[in-house]
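Below: the structure, in C-alpha cells.
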Amino acid sequence: MLNQLDQLEREALAQLAEAGDAAALEAWRVTYLGKKSRLMTILGDLGKLPPAERPAIGRRGNEVKRALEAAYAERVAALKQEELERSLTAAPLDVTLPGRPVEIGRLHPVTQTLREIYAVCAEMGFQVYRSREVETDEMNFQLLNIPPHHPARDMWSTFYTTVPGVILRTHTSPGQIRVMRAYCPEPIRVILPGMCYRYEQITARSEIQFTQVEGLAVGRHITMADLKGTLVEFARRMFGADRRYRFRASYFPFTEPSAEMDIECVICDGKGCPVCKYTGWVEILGAGMVHPVVLRNGGYDPDVYSGYAWGMGPQRITMLRYQINDIRYFWENDLRFLEQF
Ligand code: DAH
C-alpha cells in the first residue's frame, strides 16, 4: 500500500508537469484529488485496513495529498503567469496612446458670479444668511410695507400655492424681516442670496425664476453715505475701479429714500448699444434706507436704529460681464452654452 502511494505521487506529479492549460489542469485535479480519485479512495477506506497498518498508511496518504495540493496550486499560479506574459508580448501595450478624457464638471455661470459676490461682500463684513423660497404673503409684502391692494404689488405678481397666504417669494427682501427678527437688537450685516419667482411673461430680459442677492445692514448711526460707500466699493471690485456708476432716485415701499444704481455699460463702454438701450448705463440694483415701518416690523426701534438695504440680480451682472443677450440661456441647460464658462 505504501508503495502504491509512492507511485501514485510520482505519477501525479509527472502528469501535472504535462498539463498545459486550464482544462488539462482541471482534468488532473479530478483524477488525482477528486472525490473518486485513487488517493481519496485509499484515505476513505482506511477503516477497512488491519489496525496495525492504519497509522502509517494514513500518515503517508495525507502527506501525498498535501504534496499534490501544493503542487497543483503552484502549477495554477505558474500557468497564470505564463498566460499574462504571453498576452503582454503578443499585443504590446502602446503607452504613448492618449488617455481616455475625463469629463470635468464646472460651476454654473450664475453660481460663479454668486460666489464672487459672496467673496466681495465677505471682505466688507457681510455674512450669508439663507432664507426660505416659500414665503407668506405677510413676509413677502405686508411686513415690507406693501399692504394688500397696494398698487406696488403690480411690480411683483407671484405664484400662489393652494394654502391661503402661502406664496413663492418674489424677491429676497422678506429675508430682511426674518434676519432682523432672528438677531434683534444686535447690529446686522448680511447678504441674503437665493431664488425668486414671478408670474410674468418670459422674455429675453425676464424669467419666472431668477436669483437675487439682498444686502442688509442695521445698526446705530447708519446713513446713506454708508450705503453709497458700500455699493461703490462693491461695484469697483466686481466691475473694475475705472467703471463709472451713478445713483438715481427711485421708489420702493420698503425703503425711504430709495435709489437705483447703474453702471456704465460694460459692453459698449457707455457709448450706447442694444443691451443698455442706447443709454450707456445698465441698472444693477435697487437700494435705499430701510423704511421705519420695516425696521419696526423687524423688532428695531427706528428712533434708535437705522439701516440700508439693496437687492441685485446676479444674472443681470453675469449677462453684462459675458455679454449674454438672453436671460433664458441660464436655465435652459444647453451644454453648448454652459460649457463656455
Ligand atoms: N426687492 C426689490 C425687487 O425685487 C429690490 C430691492 C430694492 C431690494 C431696494 C432692496 C431695496 O433691499 O432696498 O425689485
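The values are calculated or read from the model by the stated rules, or taken from the named source; none is laboratory data. Computed from a predicted model, the values in this text were never measured in an experiment. All Cβ positions, glycine included, derive from the backbone under ideal geometry; neighbour counts span all protein chains shown.
(1) more than 30 Å from ILE284 (Cβ to Cβ); (2) outside the structural domain of GLY20 (by TED's automatic domain parsing); (3) surrounded by 10 or more Cβ atoms within 10 Å (Cβ to Cβ): which one isn't true of THR113, the others all being true?
That leaves (1) as the condition not met.
Return the residues of the range 104-127 that are in a helix (DSSP H, G or I) and either farther than 30 Å from TRP310 by Cβ or aromatic (Phe, Trp, Tyr) (or both); say none if nothing qualifies.
Correct list: TYR118 only.
Can VAL166 be described as more than 16 Å from the ligand (Cβ to nearest atom) and within 28 Å of PRO292 (Cα to Cα)?
Judged against the criteria, VAL166 is a match.
Which one of these is within 12 Å of the ligand (Cβ to nearest atom) and surrounded by fewer than 19 Cβ atoms within 10 Å (Cβ to Cβ): SER173, SER206?
Result: SER206 is the single residue among SER173, SER206 that is within 12 Å of the ligand (Cβ to nearest atom) and surrounded by fewer than 19 Cβ atoms within 10 Å (Cβ to Cβ).
From LEU68, LEU39, LEU79, LEU25, which residue is part of a helix (DSSP H, G or I), more than 59 Å from the chain's Cα centre (by Cα) and touching a residue at least 12 places away in the same chain (Cβ under 8 Å)?
None of the others qualify; the one that does is LEU39.
Check whether at least one residue in the range 289-300 is aromatic (Phe, Trp, Tyr), in a strand (DSSP E or B), touching a strand residue (DSSP E or B) at 6+ places or on another chain (Cβ under 9 Å) and at pLDDT 95 or above, and report yes or no.
Checked the range 289-300: no residue is aromatic (Phe, Trp, Tyr), in a strand (DSSP E or B), touching a strand residue (DSSP E or B) at 6+ places or on another chain (Cβ under 9 Å) and at pLDDT 95 or above.
If we scan the range 116-131, do we find a residue that is in the same structural domain as THR255 (by TED's automatic domain parsing), in contact with a Gly (Cβ under 6 Å, 6 or more places away or on another chain) and buried (at least 18 other Cβ atoms within 10 Å of the Cβ)?
Yes.
Give the residues of the range 164-204 that are among the hydrophobic types (A, V, I, L, M, F, W, C) and either part of a loop (DSSP other than H, G, I, E, B) or within 16 Å of ASN140 (Cβ to Cβ) (or both), sorted by residue number.
Matches in the range 164-204: VAL166, ILE167, LEU168, ILE177, VAL179, MET180, CYS184, LEU192, MET195, CYS196, ILE202, ALA204.
Considering every residue within the range 265-272, establish whether at least one is under 11 Å from GLY288 (Cβ atoms) and buried (at least 19 other Cβ atoms within 10 Å of the Cβ).
So far as the range 265-272 goes, no, none of its residues is under 11 Å from GLY288 (Cβ atoms) and buried (at least 19 other Cβ atoms within 10 Å of the Cβ).
Sort through ALA225, ALA309 and tell me the only one that's within 13 Å of the ligand (Cβ to nearest atom), hydrophobic (A, V, I, L, M, F, W, C) and more than 29 Å from the chain's Cα centre (by Cα).
After ruling out the rest, the residue left standing is ALA309.
Which of the residues that make up the range 96-110 are loosely packed, with under 10 Cβ neighbours inside 10 Å, within 30 Å of GLN212 (Cα to Cα) and of a type outside the set (A, V, I, L, M)?
Passing the criteria: only GLY105.
So is TYR197 within 15 Å of the ligand (Cβ to nearest atom), over 19 Å from TYR308 (Cα atoms) and surrounded by 13 or more Cβ atoms within 10 Å (Cβ to Cβ) or not?
Considered against the rule, which asks whether it is within 15 Å of the ligand (Cβ to nearest atom), over 19 Å from TYR308 (Cα atoms) and surrounded by 13 or more Cβ atoms within 10 Å (Cβ to Cβ), TYR197 comes out as yes.
Answer yes if at least one residue in the range 96-103 is assigned to a loop (DSSP other than H, G, I, E, B) and closer than 30 Å to GLN323 by Cβ, and no otherwise.
Yes.
Of PHE252, PHE247, which residue is among the aromatic types (Phe, Trp, Tyr), buried (at least 17 other Cβ atoms within 10 Å of the Cβ), within 16 Å of the ligand (Cβ to nearest atom) and in the same structural domain as SER131 (by TED's automatic domain parsing)?
Unique residue meeting the criteria: PHE252.
Only one residue in GLY215, GLY240 is within 12 Å of the ligand (Cβ to nearest atom), assigned by TED's automatic domain parsing to the domain that holds ILE117 and under 16 Å from ILE317 (Cβ atoms). Which one?
GLY215
Only residues in the range 306-329 that are on the phi < 0 side of the Ramachandran plot and assigned to a helix (DSSP H, G or I) count as the first member; pair them with residues that are of a type in the set (Asp, Glu) and within 11 Å of the ligand (Cβ to nearest atom), Cβ under 9 angstrom, at least 6 apart or cross-chain, and list the lot.
Once the first residue is on the phi < 0 side of the Ramachandran plot and assigned to a helix (DSSP H, G or I) and sits in the range 306-329, its partners that are of a type in the set (Asp, Glu) and within 11 Å of the ligand (Cβ to nearest atom) give ARG316/GLU283.
Would you check which residues across the range 278-297 are under 36 Å from the mean Cα position of the chain (by Cα) and more than 16 Å from the ligand (Cβ to nearest atom) and list them?
If the condition is that a residue be under 36 Å from the mean Cα position of the chain (by Cα) and more than 16 Å from the ligand (Cβ to nearest atom), then TRP281 is the only one that fits.
Can you tell me which residue among ASP301, ASP269 is more than 13 Å from the ligand (Cβ to nearest atom) and in contact with a Leu (Cβ under 9 Å, 6 or more places away or on another chain)?
Answer to the check: ASP301.
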